[in-house]
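This report concerns only the one structure given below.
The values are calculated or read from the model by the stated rules, or taken from the named source; none is laboratory data. Being a predicted model, the structure only gives us computed values, none of them experimental. Note that we place each Cβ from the backbone using ideal geometry, even for glycine, and neighbour counts take in every protein chain shown. Ligands, DNA and RNA are stripped out before the accessible areas are found, and what is left, the full protein with its side chains, is counted by its heavy atoms. Shrake-Rupley method; radii C 1.70, N 1.55, O 1.52, S 1.80 Å.
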Amino acid sequence: MGQSVTRGHRQIRCGFSLVETILAVAVFSFIAAAILTLALGAFSSDERGSHLRTAQALAAEGLEAARSIRNYRFTDLAVGNHGLATTSGYWAFAGTSETIGLYARTITVDPVYRLSGGRGDMVAAGSPGAVLDPASRLVTATVAWPELPVGTRSARLETLMTRWSQRRWVHDTVADFTAGRRNSVQITSTGNGELKLADFGNWTQASVLRTINIAGNEDNADCAVDRNSDTLYVATKVRGSGRPEFYGYDLADVTATTTGLYALGTTELGQSVNGLSINNGYAYLASGANGQEMMAIRLSDYAKVTSWDTPGTNADANDVVATGTVAYLVTDSSGSQPEFFAVNVANPASIPGSPLGTAEIGDDVNAVAVSADGRYAFLATDDNDGELTVVRLSDYHVVQRINAGGTDNAMDVAVNGNIVYLVKTQDSSREFYAYDATNPEAMSATSIGSVELNRNVTHLDIQGNRAYVTSSSGSAEMLVVDLNSYTLLTTVNLPSQASAPSICMYGAYAYVVSTGNNQEIVVVRGGGSTATFAPAGTFTSASYDGGATTTAWSTMTWTVSGSGSVQFKLRTADSFAHLPTARWVGPDGTAETFYTASGQGIVLDPAATGSRWIQLKAYLSAVAGASPVLEDVSIDYE
């Protein structure tokens, strides 16, 4: 404040001028603004730090939650973006993200790729030598929140998680493979133990390995092999009350020392069977019974589930081929009625009475085969001018009739790629013919190869570059034809010198259906000086107990060398007792696919009774006479 000063007789008064006041206010404002800015900055920095600390805590919690999920079951660490939720007190993934107040949290699970077959250093996907490591996941927790003036900020934590608790079921020694069963496969010990296809001659020689007796004196009619389950099915003529006409035999364990075939099941039909086809877990039988020209058997329990009546005709059905959801049935001639029927079998237990389509052939039709693309049916008939008849399946029109020469009947037909093979009963012309069916509607009537067999041929099967043929001649009941040169390689006399109505090839062995008493099934093995390997074979593991009803089977890995291919299927059940009837499935949980790439994730059959018990089946296929070698196979689980 001002003060008075006296100088002589004048009093002078001092104080703040206007300029001084303005200057003071300015200085004060500047200092105050600076102090306020510092205070607000400190508050904002503290708030940002608080947000960051909260986000980091939420990210850390996310990784701990993912670790908890991993500890419960590694396979629940599914690749992708996830939110989190608690279920009955346990962490679980839910949705693709979650919101916690102003924070958004996302848990990202990525696959891990490594060198050295999936066991070396981590590398980016697509890098040279990169292989998926099925036992590792890269887990990232990201937490984002809005913040002015930058907009959105985020905190991110990541870690590598592995299946530390996994267990492994391994086959890599002679003992491991010996515990399983084999068809046309041998165990070698070049390393610790491995599998390859059985030795296989060139069929310039052949010999009877075993004969199987079906009780009774009735004749057999046809056979079929289900390669998915290693099962031989045989159908017979009518056998009387209490005696089955349909049989299933286990082929999973057939070697050079096999002494018999184990019967899996039977069905009594009370009718004669003429033809047989296996498709999607059912057997379809062509019958001579009026009103039951086609019958369906469920193979899981050998129960006959239905029969189907050919409308407008009582002619005997001679053959049937089922593929997909359609069965194609052929019959003897019956006036102006059709001899070819397409039947909807999408639900085998309830087959519609009306066919999908029909074709009138005008003569007896003895056999039917379908092209690989499902567009055409090829028929073996009694028509002297059309022993080979072609039906277009889009509209069921006859589009081609080929005269194979001579006057005798065509008895069977088979398709392999773009070639159709036809066999006939004996006459002045040849009995075996091959036709180019690249264009089924414009096939040349001139065969690309033919063979004189001098036998009444009944049936044929194709495997690789050979045709295996049966006859009713009382000698040389089995014949082998080279399809490269169209020459007869060898003949086989069956022990009883009986007729052989059918033959089924599988791996290194031929299964001949015979009319001979006490020798109704004859197992024949090829030989010859040229050593090759069987075209195909299977290995079925012993049953394995995962130890708990909650066992989770995660991935299957294997090592293969040599030439050819190895594929796999699996089956599981809740108990040892239920495993033999479980379905073999591939990586989509269906019977139609195979595991073809090592490291694939395992998908179980949705209809399986459980997952505690498991079996694997390896399917080996040769290429150019050379065999693949299965060095090892293992399944990870927890």
* With volume of the Cα convex hull per residue in Å³ in mind, check (i) 247; (ii) 180; (iii) 159 and report the label derived from this structure. => (i)
* **Percentage relative contact order, region 402-449, counting C-alpha pairs under 8 Å, at least six apart** => 30 percent
* **Spacing of the two label points (7 Å from each Cα toward its C-beta) at Ile448 and Glu64, in nm** => 7.1 nm
* **Area of Asp545 that stays accessible when all protein chains are in place (1.4 Å probe, Å², to 10)** => 50 Å²
* To do: Show that you can apply the helix-only estimate: for the chain, add -39,500 (n - 2.57) for every DSSP H stretch of four or more residues, divide by all residues, and state [θ] at 222 nm to the nearest 500.
  => -3500 deg cm²/dmol
* With a ≥ b ≥ c taken as the square roots of the eigenvalues of the C-alpha gyration tensor of region 376-442, please select rounded if a/c is under 1.5 and otherwise prolate if a/b is larger than b/c or oblate if it is not? => prolate
* Asked: Which shape class applies to region 217-266: rounded if a/c is under 1.5, otherwise prolate when a/b exceeds b/c and oblate if not, where a ≥ b ≥ c are the square roots of the Cα gyration tensor eigenvalues?
  -> prolate
* Structure fact -> Relative contact order as a percentage, the chain, C-alpha pairs under 8 Å and 6+ apart, gives 11 percent
* Asked: Can you give the extra length, in nm with one decimal, that the chain gains between Ser241 and Arg298 once fully stretched, where that is 0.36 nm per residue apart less the Cα-Cα distance?
  -> 18.4 nm
* Reach of Lys304 by Cα under 13 Å, taken over aspartates and glutamates that are not fewer than 8 positions away in the same chain -> Glu245, Glu268
* Structure fact -> By the C-alpha gyration tensor axes a ≥ b ≥ c (rounded if a/c is under 1.5, else prolate when a/b exceeds b/c, else oblate), the shape of region 490-638 is oblate
* Cross-link partners of Lys617 among lysines (Cα-Cα below 18 Å; sequence separation of 8 or more within a chain) -> Lys196, Lys569
* **Cα long-axis angle, helix 18-72 against the chain (0 to 90 degrees, to the nearest 10)** => 30 degrees
* Using DSSP to define loop residues, name the GluC sites (Glu not before Pro) in region 428-506 whose beta-carbon has at most 13 other beta-carbon atoms within 10 Å. => Glu452
* To do: With the Cα gyration tensor of region 146-193 in hand, give its eigenvalues times 5 under a square root as the equivalent ellipsoid semi-axes, listed largest first in whole angstrom.
  => 56, 12, 10
* Asked: Leaving out ligands, DNA and RNA but keeping every protein chain, what accessible area does Cys504 have, in Å² rounded to the nearest 10, with a 1.4 Å probe?
  -> 10 Å²
* Give, in nm to one decimal, the length gained when the segment between Ser394 and Ser50 is fully stretched (0.36 nm per residue of separation minus the Cα-Cα distance). => 116.7 nm
